[in-house]
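K.L.:
Encoded as structure tokens, here's the structure I'll be asking about.
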Amino acid sequence: LMNYDTQKIEYYWQNEWAKEKIYEVNMDSDKPKFYCLEMFPYPSGNMHMGHVRNYSIGDSMARFNRLMGKNVLYPMGYDSFGMPAENAAKKERGHPHTVTHRNIKSIMGDQKRMGYSYDWSKSLITSDVEYYHWNQELFLLLNEKGLVERRFAPVNWCNECDTVLANEQVKNNRCWRCGLEVIQKDMAQWFLRMTDYSDQLLDDLDNIVFPENVKSMQKNWIGRSKGANIDFSIVDFKSI
């Protein structure tokens with residue numbers, strides 16, 4: 001029986017793959033394109049089994065489509081521009097940049113150790129100015145077009161995590177991280193008037209090739225409703 005030494009064999013081949021850049025992708029018009037993108041992890045801690053489950057699925061899809069002869073773009077990034085990363089730094093009384101990049105280095109090391117087939121030459125970190133200056137430019141452009149407004153509105157708030165939660169992060173009215181009951185809190189927020197384009201977004205769904213169940217979800221999310229006019233007859237009614 002052959003002794004499978006994971007530390008020796010896997011590290012060796014992973015280093016060889018990195019040196020050969022076998023997962024880096026370049027333009028190739030002779031192959032059909034496939035873009036595999038997963039939700040970027042919050043670098044507010046270390047990698048855990050939830051990450052392993054999620055990214056193993058994406059890696060399997062990327063590898064399958066390479067085997068099918070497609071030119072696969074499979075990048076990775078870190079969703080570090082926001083309150084989860086800031087709160088992680090605050091909790092250990094460290095500088096957000098130092099704590100965030102330390103956590104990114106840890107998660108990236110674990111992802112590489114898992115053997116995921118990312119094109120690391122196309123990775124990004126959303127708290128780096130090379131990335132977020134595009135967010136700022138887009139915001140300024142939308143503001144110039146009159147599509148930005150600031151007003152108070154309720155949000156899902158977790159006192160323990162000291163952060164806003166998306167609806168998808170609230171399970172049975174409790175925070176998905178700590179389990180504390182979520183409250184509604186009014187906060188000043190920036191809003192983009194995307195509703196100005198609701199009809200266009202809805203109508204153009206008919207012009208794209210996408211799974212029908214996903215298009216149906218989008219239509220229900222936009223929720224066009226024209227209402228109805230109903231005339232009721234009234235017994236013994238006499239007009240004046």
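K.L.:
Which condition number in (1) among the polar types (S, T, N, Q); (2) closer than 13 Å to Y118 by Cβ; (3) assigned to a loop (DSSP other than H, G, I, E, B) is the one that N26 fails?
P.N.:
All conditions pass for N26, except number (2).
K.L.:
Let me ask you something else. Which pairs turn up if I take residues in region 21-34 that are closer than 15 Å to N65 by Cα and look for partners that are of a type in the set (A, V, I, L, M) and open to solvent by less than 80 Å² (accessible area, probe 1.4 Å) with beta carbon separation below 6 Å, at least 6 apart in sequence or on another chain?
P.N.:
V25/L73; F34/V72
K.L.:
Restricting attention to region 176-208, report how many residues are exposed (fewer than 10 other Cβ atoms within 10 Å of the Cβ) and either in contact with a Lys or Arg (Cβ under 9 Å, 6 or more places away or on another chain) or at pLDDT below 90 (or both).
P.N.:
Residues flagged as exposed (fewer than 10 other Cβ atoms within 10 Å of the Cβ) and either in contact with a Lys or Arg (Cβ under 9 Å, 6 or more places away or on another chain) or at pLDDT below 90 (or both) within region 176-208 amount to 3.
K.L.:
Tell me, which helices (runs of 4 or more DSSP H) wholly within region 43-134 include 2 or more residues that are in contact with a Pro (Cβ under 6 Å, 6 or more places away or on another chain)?
P.N.:
Those helices (runs of 4 or more DSSP H) span 83-91, 96-114.
K.L.:
In the list N172, N167, N159, which residue meets the criterion of being open to solvent by 90 Å² or more (accessible area, probe 1.4 Å), at positive phi and of a type outside the set (A, V, I, L, M, F, W, C)?
P.N.:
Answer to the selection: N172.
K.L.:
Do you know which of the residues in region 1-11 that are without any contact (Cβ under 8 Å) to a residue 60 or more places away in the chain and surrounded by 11 or more Cβ atoms within 10 Å (Cβ to Cβ) is farthest from the chain's Cα centre (by Cα)? Quick ask: steps written out before the conclusion?
P.N.:
First, pick out the residues of region 1-11 that are without any contact (Cβ under 8 Å) to a residue 60 or more places away in the chain: 1-9, 11.
Now restrict to residues that are surrounded by 11 or more Cβ atoms within 10 Å (Cβ to Cβ): 9, 11.
Working: I9: 34, Y11: 30 Å.
Only one residue tops the list, namely I9.
The values are calculated or read from the model by the stated rules, or taken from the named source; none is laboratory data. Since this is a predicted model, take the numbers as computed values, not measurements. Here the Cβ is made from the backbone with ideal geometry for all residues, glycine too, and neighbour counts use every protein chain on show. Each accessible area value is taken on the protein alone, full model and side chains, heavy atoms only, with ligands, DNA and RNA left out. Shrake-Rupley method; radii C 1.70, N 1.55, O 1.52, S 1.80 Å.
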